[in-house]
Every structure is written in structure tokens, then in C-alpha cells.
1. Regarding the stretch 136-281, what are the three Cα extents along the principal axes, ordered largest first, in Å?
2. Out of all Cα-Cα pairs in the stretch 6-221, roughly what percent, to the nearest whole number, are more than 27 Å apart?
3. Arrange Thr166, Thr440, Thr277, Thr327 by Cβ neighbour counts within 10 Å, fewest through most, would you?
4. For the stretch 374-469, just list the percent of Cα-Cα distances falling in each 10 Å bin from zero outward, please.
5. With unit charges on the beta carbon (Lys/Arg positive, Asp/Glu negative), name the residue among Cys74, Leu102, Phe90 whose Cα is farthest towards the positive pole of the charge dipole of the stretch 74-117.
6. Using only the alpha carbons of the chain, determine the length spanned along each of the three principal axes and report them from longest to shortest in whole angstroms.
7. Using unit Cβ charges (K, R positive; D, E negative) and no other charged atoms, how large, in debye to the nearest 20, is the dipole of the stretch 6-221 about its Cα centre?
8. Ranked highest first by average number of other Cβ atoms within 10 Å, how do 19-29, 328-338 line up?
Amino acid sequence: MLIGTISHWRKQLLAGSISPTELVEEIARNIDSRNPGINAYISANKEAALAEAAKADLSLPLGGIPLAVKDNICIQGEPTRCASRILENFVSPYDATAVCKLRAAGAIPFGRANMDEFAMGSYGKNSAFGATDNPAAPGHAPGGSSSGSAAAVAGGMAIAALGSDTGGSIRQPASHCGIVGLKPTYGRISRYGLVAFASSLDQIGPLTQNVEDAALLLNVLCGHDPKDSTSSTRPTEDFTAGLGQDIKGKRIGLPKEYLSSGNDPAVAAALDKAVKTLTELGAEVVEISLPHAEAVVAAYYIIACAEASSNLSRFDGIRYGHRAANTNGLDELYSRSRAEGFGPEVKRRIILGTYVLSSGFYDAYYAKAQKVRALVAQDFTAAFEQVDFIIGPVSPTPAPALNDTSLSPLQVYLSDIYTIPANLAGLPGISVPCPQPEGTRPIGIQLLGKHFAETDLLRVASALESALA
């Protein structure tokens, strides 16, 4: 099993204790031995990774470090399937900006991480290429939709990975797999080359073994991109600058709405432990309110599905992707290509999104959901006038059983209740593991910060991580 952070392997590479080629070989061996039982990767192009490793520049910040990439982030010459049959044979003609930035920093994109199809799911079970198991809690869901990215890191098959977060898809799998997952402020990282689910909510981010690695990757990934009109022009900074500094005097808000009786006892206990730890570190934890917390799931699924309905209309069986054979006319080509290519959850969300955008229902659903979104953002603005950060659970429960068929789609959607608000408001959020007794399922604690406050957020997350270790 692969043990070691980015910093660890960088030291080994610079000392000559291991070469980039040997590191890729080591990861490939771990994938060969562990992936058949976990299914974290859909594919891994060892030959391409070895070719890049042979010319790796160790003077660069991530020189020689292989990283897994979620299957909805484009890598030139590699399949980008979004874990869907409709894109099963699609090979990307270009690199996503995030991948370009990784390459420019010397990293080696290696492996296409499994995911919920088109990033639509919370448990890692919706992939057309099979469910992903949780290496930190075998037989349980790894979380979604960045299921493979989290499982690869937690299972020793990747040093770190890229994921995407639309409603918690980085933070929730990080929580369920016992690793760190960071969703940056909306616009921090270019979305160019990220296959869109819901364009106003999607954000690329890292899944790592510790907070320091998340900061190191953020240093590389951030920056304005003229190819993405939503990309922030805000200057980048050194996100490792606050690591190791104390957090005395910081005010951290605990929303009373997050202290629900619906939380699993283990989640409630982990949150209580984190609050006490932060207090012992000198922070002041105070109760706050997010009045519209109960409305976030309904508003999110209307907005996200509406945007998905629009974005996924490009998969029509004509320009690229799966095309049904022997069709009679354009309508049948569209309907059969999509019926054969999309999975059940994607179809469900397209239907819902098309409905809320249709004539007569737009004002009743979509317009109202956007008003709720504005109210949610206002709740956070008011809260951050009182506190510096907000703490809460990542998920109401630890990872459910992978084959639990009793959960309805609505119950699955409700598992995102604590992560969705950050996407609606565009805020940065991070999941930090709270160590649990041996033999139990991992649980993460979520910290949210103000817009573009990642340096301070990582400082608090690092302090909490160190104190809980």
C-alpha cells in the first residue's frame, strides 16, 4: 500500500531515493493489486505516465508526482467518459486547464478515477463502470461523486487526486474515506475542460492525505483563465503560508440548524470533539443561525437539475459520444441514443430539470429556487459578520452500506444537506478527518470560510488536523 504525502515523496525524489519512473511503477503495482476489489479507477495509462516520468523536471513544485484525475476532467489523448456509456468511446482532444497547470508544475496525470455518472450521486454507485468500494470501510459507500478519487487516495493507489464538487462531491467522499477534501471558492480554479453538470455550482478541487497537500495543490491549480468566463481575476497567493500558525482568538460559528436530531450519534460525537478541540486551541466557538438551511436541498436540486438538463442536451448522438444504430429519423436518433447512453440517475435529473424549466413551471420552481439561493447567500454574509469560520458535519451519517437498497433517491439527496450550502453561496469548504475507533467508519468535519479565504481556512483546518491526530 502506498504511504506518503506529496511532501514525503518530493523529499524522496529530490534525495534520489526514488526516481519518478520508480514511483509510477510503484503506484501501478498498487493499482494492479488493489483496484480489482475497489474499482477506484476506470483506466490507468501506465505507458503514458512512464513516458512523462522519464522526462520529469524535479526542480518544479510537483516535479515527478503522479496524480489521479476524476473521469470528468479532460486529459489529452485519454478517455473522458464521465463514467457514462454515452461517452464510453470519447477521447479528449485537449487538456483541462487544471491538468495543464499540473503538468506545468511537473506533476504526472495518471489514471482516470471512477465517479458517479456525470457527477450525479452521493455514494459512488451510479457509475456505468461499476460501483466503487470504500477502502477505509470495506462494503460501504465511498461517497460521491468523486468516489474513485477518494478511494484511490485512501486505498494507497494515488498520492493525491483531482475531483469536482457541485454539491459536496469532494467533501463527502473525503469524509467517508477518511482523507482531506477541499472545495475552493467558486472561480478559484478554472472549469475549462471540466465536463459540466451544473455550471454555476461546479468547482474542481484536490483530495489529499493531509491539509498541507491540499494547500500545495491549490498553489498550482489557482489562477485566472481567459478560457473560463467565471474564472476569478483575484491574484493567487501561497496557501501554505498559514499552516502551523495558531488560531487563538478566531471566532468559529456552529449553526444551530446543524445540531439536528437526525445526525447519527457518531457524527454528533465527532462534531462535539472537534468543537472542544478548537476551543482548547484558543478559538471561540459560538452558536449562529442559518435560517434557510432547511430549504437548501430543494433549491439545489431544482437549480442543479435545470442546469444539467441544459448542459447534457449537447449529448445528442450526432457530434460525439454514443449514437444509436438503425434509427428512423432525428427524433428517434436523439431519444434512443440518450436512452441507451444515460443511466437511471442522470435520466431522473434531466427529466426533473426539463420539467422545472418548462413553460408554466419556470416561475413556480426555478425562479423561486434562485430566490432561495440568494437568501442562503445572505445568511452566510450575515453569519460571517459575526464569525471568521463555520463548523459543522459533512454528512448526517457515516458511509452507508454499499448495497443498501432501502435508500430512496430523496434520502440520498438529503445526505448532501450540509455540503450543498457552500456551492449555492460559492464558498470554500474543507473536510478534515476526525479519527474514529478502529473498525468503525470514517467521519469528516467540515469547515467553511469567507469567499477567497482559503489561506485562513487551511490554517484552521491544519490546526484541527494536528490536534485531532
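Rule-based calculations on the coordinates, nothing more; no lab input. Since we're looking at a predicted model, the values are computed, not measured. In this analysis, Cβ positions are derived from the backbone assuming ideal geometry, glycine residues included, and neighbour counts consider all displayed protein chains.
1. Result for the stretch 136-281: principal-axis Cα extents of 46, 42, 31 Å.
2. Result: 20 percent of Cα pairs exceed 27 Å.
3. By the 10 Å Cβ count, ascending: Thr440, Thr327, Thr277, Thr166.
4. Result, from short to long distances: 14, 40, 31, 14, 1 percent.
5. It is Leu102, whose Cα lies furthest towards the positive end.
6. Principal-axis extents of the Cα atoms in the chain, largest first: 70, 59, 45 Å.
7. Here the stretch 6-221 has a charge dipole of around 300 debye.
8. Packing order, densest peptide first, comes out as 19-29, 328-338.
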